[in-house]
Every structure is written in C-alpha cells, then in structure tokens.
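Enquirer: Here it is, the structure in full.
The values are calculated or read from the model by the stated rules, or taken from the named source; none is laboratory data. Predicted model only: the values in this text are computed from it and were never measured. Methodologically, a virtual Cβ is constructed for each residue, glycine included, from the backbone with ideal geometry; neighbour enumeration extends over all protein chains shown. Heavy atoms of the whole protein, side chains included, go into the accessibility calculation; ligands, DNA and RNA do not. Shrake-Rupley method; radii C 1.70, N 1.55, O 1.52, S 1.80 Å.
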Amino acid sequence: MKYVATDKAPAAIGPYSQATIAGSLVFTSGQIPVNPATGNIEAKDIAGQTEQVCKNIAALLDAAGSSIGKVVKTVCFLSDIKDFGAFNAVYETYFTSRPARSCVAVKDIPKGCLVEIETIAEL
C-alpha cells in the first residue's frame, strides 16, 4: 500500500491518509468542501460546495497518477436529500465517465458541510 499526499487538497486532520493506492486502485478519503489554499469552507450552497469537493478529488487523483475520468465508484453523502438535484447538476460535469455511485443523506457531515464524496479509481 502506498500513501498519497498533496497540498492541493485539504490535509488529513486525523489518523488517516488523503488517499491510498492498493494494487491498481486509488481510494480517496471522503472529501469535504475545504479550500486547501485557505483551509476554509467558502461556499455556502450545495452547488459551490460540490464544486470544491470535486476539485479536491481531482487534485488527489492527479497526485496519485490517476484522474477523475478513471473513477469507477463514488460514495456521496448529503446533509439534506432535498439538495440532490443541485448536487447532481455539478457532479455530472465532473464524473462524465458515469461511475457506479451510492448517494445517501446523513444526519451530519464534519464541519457542518452539505456534501462529502469518496472515490475509488483506476491508476
């Protein structure tokens, strides 16, 4: 197993890695909408937060030697399922390869975020 780290995505704030490579797959930790340049959550709406999450994922996958086009599975967490339409409108502009996906609403996401996404991608 190899660990992936980049300053172009939010740093891990606990006992975990930003991403790991195992065999020919990259597993990203759940990404929340923290701007890595500022360390802040800047977007207040689901569209803006989803955009930042997707940028963070793209940066992690790039650092691993992969890309967002090689994602085979996503797991998406929304704090309110009513945001699904607006979330999906941004999501589909990034995940054009149409990976398998799970999307659920959860009670809380760290830092009061509206969205978190984790991915599995091919190298």
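Enquirer: Would you pick out the residues in the stretch 66-123 that are surrounded by 13 or more Cβ atoms within 10 Å (Cβ to Cβ) and of a type in the set (S, T, N, Q)?
Expert: S66, S67, T74, S79, N88, T119
Enquirer: Output the residues belonging to the stretch 13-31 that are under 16 Å from I109 (Cβ atoms), surrounded by fewer than 22 Cβ atoms within 10 Å (Cβ to Cβ) and touching a residue at least 12 places away in the same chain (Cβ under 8 Å).
Expert: Once the filter is applied, which keeps residues that are under 16 Å from I109 (Cβ atoms), surrounded by fewer than 22 Cβ atoms within 10 Å (Cβ to Cβ) and touching a residue at least 12 places away in the same chain (Cβ under 8 Å), the stretch 13-31 yields Y16, S29, G30.
Enquirer: Right, another one. On the basis of being touching a residue at least 24 places away in the same chain (Cβ under 8 Å) and not in a helix (DSSP H, G or I), does V72 make the cut?
Expert: Numbers: touching a residue at least 24 places away in the same chain (Cβ under 8 Å): yes; not in a helix (DSSP H, G or I): yes.
Here the answer is yes, as V72 does meet what is asked.
Enquirer: So in the stretch 14-44, with the set limited to residues that are hydroxyl-bearing (S, T, Y) and part of a strand (DSSP E or B), which one is farthest from S79 (Cα to Cα)?
Expert: T20
Enquirer: Can you tell me which of (1) out of contact with any strand residue (DSSP E or B) (no Cβ under 6 Å at 6 or more places or on another chain); (2) open to solvent by 20 Å² or more (accessible area, probe 1.4 Å) is the one A9 doesn't meet?
Expert: (2)
Enquirer: Continuing with this model, one more query. May I ask you to list the residues in the stretch 49-65 that are open to solvent by 30 Å² or more (accessible area, probe 1.4 Å) and over 20 Å from S24 (Cβ atoms)? Before the answer, list the steps.
Expert: Filtering the stretch 49-65 for residues open to solvent by 30 Å² or more (accessible area, probe 1.4 Å) gives 51-52, 55, 58, 62-63, 65.
E51, Q52, K55, listed by residue number.
Enquirer: Another question about this same structure. Going by what's in this entry, would V4 be described as farther than 16 Å from I120 by Cβ and in contact (Cβ under 8 Å) with a residue 12 or more places away in the chain?
Expert: no
Enquirer: With respect to V53, determine if the residue is more than 19 Å from K8 (Cβ to Cβ), of a type in the set (V, I, T) and touching a residue at least 12 places away in the same chain (Cβ under 8 Å). Quick ask: steps written out before the conclusion?
Expert: Working: more than 19 Å from K8 (Cβ to Cβ): no; of a type in the set (V, I, T): yes; touching a residue at least 12 places away in the same chain (Cβ under 8 Å): yes.
In short, no.
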